[in-house]
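Novice: Here it is: the structure, laid out below.
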C-alpha cells in the first residue's frame with residue numbers, strides 16, 4: 001500500500017465519522033425535544049442535556065453531512 005492510498009483511506013474514515021456524528025446529533029435533538037415535552041421532571045433535565053450536546057454536534061458537523069453521506 002502506498003502513502004496516497006493510505007491517506008485516502010484515512011480521509012474516508014474521517015468523513016464517515018463526521019457523518020456519523022451528524023446523524024447522532026440529529027437524532028439526539030429529536031429525542032431531546034421529545035424528552036423535554038413528554039417526560040417527567042428527571043427526563044426534562046436529561047432531555048435538556050441531550051439537546052445541548054446534540055446542538056453542539058450539529059454545529060460542529062452540520063445538519064446535511066450525515067444525510068448526504070448515508071443517502072437518507
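Novice: Which numbered condition in (1) at pLDDT 90 or above; (2) within 15 Å of the chain's Cα centre (by Cα) is the only one that residue 48 fails?
Specialist: Exception for residue 48: condition (2).
Novice: Determine whether region 8-15 contains at least one residue that is under 13 Å from the mean Cα position of the chain (by Cα), part of a helix (DSSP H, G or I) and modelled with pLDDT of 90 or more.
Specialist: Yes, region 8-15 contains a residue that is under 13 Å from the mean Cα position of the chain (by Cα), part of a helix (DSSP H, G or I) and modelled with pLDDT of 90 or more.
Novice: Being modelled with pLDDT under 90 and in contact with a helix residue (DSSP H, G or I) (Cβ under 9 Å, 6 or more places away or on another chain) is the requirement here; does residue 68 meet it?
Specialist: yes
Novice: If you don't mind, there's one more thing I want to ask. Determine whether region 29-51 contains at least one residue that is in contact with a helix residue (DSSP H, G or I) (Cβ under 9 Å, 6 or more places away or on another chain) and in contact (Cβ under 8 Å) with a residue 24 or more places away in the chain.
Specialist: Yes, that holds for at least one residue.
The values are calculated or read from the model by the stated rules, or taken from the named source; none is laboratory data. Remember, it's a predicted structure, so these values are computed and weren't measured experimentally. All Cβ positions, even for glycine, are placed from backbone atoms using ideal geometry, and neighbour counts span all protein chains on display.
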